[in-house]
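In what follows, a single structure is set out as structure tokens and then discussed.
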Amino acid sequence: MNQRPGRNDPCHCGSGKKYKRCHMELERGQATQPAVSKPLIGAVHSNSLVLPRPDWDRMRVAGRFNAELMDFIRPQVLPGARLDELDRLVHDYTVDHGHTPACLGYHGFPKNMCSSVNEVVCHGIPDSTLLKDGDIVNIDLTTIVEGWHGDQSETILVGDVSDTARRVTQCAFDSLWRGIEAIKPFGPIVEIGKAIVEHAEPLGYSVVRDYQGHGIGRRFHQEPGIPHYPDRRYASELIEPGMCFTIEPMINIGTWRVILDRTDGWTVRTADNQLSAQFEHTLLMTETGPEIMTKTKHGPQKGHRF
């Protein structure tokens, strides 16, 4: 990674803001987790942030722009599209609207989004790869809007895909919604993973355990952790109104085990090189139930069939 700019220098992300007003806190702060999906931590913490009501609207604004960004980039994910060109489009659209790509420079991540193709589970780095007919690719976007984060991902079918690819993508999408539907105010976090596993495993798929969802707000990753399987350590962890977090199940055709690429330190692949699919939303728990902060206008909605 290049040397970081000085406090008053322009931020490296191209936002036009000073570094101290943009990525400095993220890169020099206390957060220690990689971009996007948070690794499964070894212990459960009870210091989850509950946002006061005025901050709910700030998260709504961040989520709304992130969804707009997803609607912008989705139609351009086509056979022949080059991953780093899609990444450039995401950067330019974000900066042109006065916002900041959260992934760029975050703990050294070199790009503006994650693009995970076929057997890549998460954290794929956009490069010169050209998408081809039959690929599936997860596009994972996170944006900072006036200091607040919106975070979501979609697995996109590229051209004419196999029935196998279509089915695992459908399972990942439905698993996200099963997780959303399982939660309620003051309900236990563990119900999310229980609902996901009870849907995916009877269909013959596995649920990745090494990476999980996460709390989100002014910081990219914070408590609570959101495992996508019924981790008993979370049985007493409750979701209070005001908590913001992501649900982002990663569903594999074969084993749930994954391998981290030691060359780039980011790319996570299935251990058996079989396909993986993922969907993600940022959610706010209200007094009446979960509110989806990153719902798109043109993307797949609840009940969609791929």
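Here are a few things to note about the model shown:
- Note: relative contact order over the stretch 196-254, using C-alpha pairs below 8 Å and six or more positions apart, is 44 percent.
- For the chain, the Cβ-based charge dipole about the Cα centre amounts to some 620 debye (Lys, Arg positive; Asp, Glu negative; other atoms uncharged).
- Overall, the ratio between the Cα radius of gyration of the stretch 198-271 and 2.2 N^0.38 Å, rounded to two decimals, is 1.25.
- Cα gyration tensor category, rounded, prolate or oblate, for the stretch 137-249 with a/c compared to 1.5: oblate
- Expressed as a whole percent, the proportion of Cα-Cα pairs in the stretch 48-120 lying more than 15 Å apart is 64%.
- With the convex hull of the Cα atoms taken as the outline of the stretch 238-286, the averaged projected area works out to 4.8 nm².
- At a probe radius of 1.4 angstrom, the accessible area of the stretch 202-303 per residue rounds to 41 square angstrom.
- Assigned charges on the beta-carbon of Lys, Arg, Asp, Glu; the stretch 79-149 dipole about Cα centre (debye): 80 debye
- Contact order for the stretch 146-273, expressed relative to its length and based on alpha carbon pairs under 8 Å spaced 6+ residues apart, stands at 27 percent.
- Once the GluC sites (Glu not before Pro) in DSSP loops with at most 15 neighbouring Cβ atoms within 10 Å are cut out of the chain, the longest remaining piece is 1-145.
- Length-normalised contact order for the chain - Cα pairs under 8 Å, 6+ apart - percent: 22 percent
- Each of Trp148, Leu131, Val117 was placed along the dipole of the stretch 96-160 (beta-carbon charges, centred on the mean Cα), and the one lying farthest toward the positive end is Trp148.
- With the simple spin-label model, which puts each label point 7 Å out from Cα in the Cβ direction, the Leu130 to Asp163 separation comes to 3.0 nm.
- Ellipsoid semi-axes for the chain, based on the Cα gyration tensor and the rule √(5λ), read 26, 24, 18 Å when sorted largest first.
- Using a cut-off of 27 Å between Cα atoms, the listed pairs Lys184/Lys302; Lys184/Lys295; Lys111/Lys184; Lys194/Lys297; Lys111/Lys132 include Lys111/Lys184; Lys194/Lys297 as exceeding that distance.
- Carbon/sulfur fraction of accessible area - the stretch 41-135, other protein chains in place, 1.4 Å, %: 53 percent
- Debye equation applied to the C-alpha atoms of the stretch 169-306, log10 I(q)/I(0) at 0.11, 0.12, 0.15 Å⁻¹: -0.39, -0.46, -0.73
The values are calculated or read from the model by the stated rules, or taken from the named source; none is laboratory data. Keep in mind it's a predicted model, so treat the numbers as computed, not measured. Here Cβ is always computed from backbone atoms with ideal geometry, including for glycine, and neighbour counts include all displayed protein chains. To get the accessible areas, we keep the full protein, side chains included, count just its heavy atoms, and leave off ligands, DNA and RNA. Shrake-Rupley method; radii C 1.70, N 1.55, O 1.52, S 1.80 Å.
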